[in-house]
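Step one of this worksheet: look at the structure below.
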Amino acid sequence: MGLLGGFASHEELHNVTLDRFGGEAEIYLRNITLRGEAGEQSGDAPHSPFAGLDVTFYATPDFALTGGAQYTDSTVHGLARLEWQPASLSGLSVFAGGEWGNNFSKVVAGIAFHFGSKGVTLMDRDRKYDPIFGLFNFPELQNIGYGAAPL
């Protein structure tokens with residue numbers, strides 16, 4: 001059906017800190033996942049609320065397309081991502097994605113290996129085994145003189 005939970009994170013880049021805490025929820029509708037999060041951030045970054053909403057469409061159980069938007073410190077940025085898990089290489093996936101917004105853009109691509117999920121589809125892995133990774137929120141640090149972490 002879905003997921004409901006809380007989270008907290010602490011990040012540091014060049015001795016600048018970003019702390020976040022909040023709640024998250026996911027709703028599973030056949031081959032679509034709706035995901036939202038909201039909370040508060042502090043540290044050296046501007047103290048402000050943040051929120052995000054993503055929609056993931058599973059074209060097949062092993063190919064996902066995600067789009068969404070994030071709100072932080074009165075700014076909004078968009079995101080897009082695709083991920084594919086070859087059926088013959090269970091646990092391994094290939095991904096690419098990007099984020100863009102107010103004087104900010106980022107492109108990421110790579111290969112991920114997920115331990116303990118052998119024989120599981122990408123959709124089942126995302127919903128049952130592997131929560132969304134909530135770190136590397138450095139775009140917020142641009143407001144205090146630091147850019148996103150180099151890739």
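Observations, loosely collected:
- With every protein chain in place, the range 1-57: carbon and sulfur % of accessible area (1.4 Å): 63 percent
- The range 1-68: trypsin sites (Lys or Arg not before Pro) in DSSP coil with no more than 13 other Cβ atoms inside 10 Å: Arg30
- Thr17-Ala80 pseudo-label distance in nm [points 7 Å out on the Cα-to-Cβ vector]: 3.8 nm
- The range 1-115, relative contact order in percent, only Cα pairs under 8 angstrom and at least six apart counted: 14 percent
The values are calculated or read from the model by the stated rules, or taken from the named source; none is laboratory data. Quick caveat: nothing in here was measured; it's all calculated off a predicted structure. With ideal geometry, Cβ positions are generated from the backbone for all residues, glycine too; neighbour counts draw on all protein chains shown. To get the accessible areas, we keep the full protein, side chains included, count just its heavy atoms, and leave off ligands, DNA and RNA. Shrake-Rupley method; radii C 1.70, N 1.55, O 1.52, S 1.80 Å.
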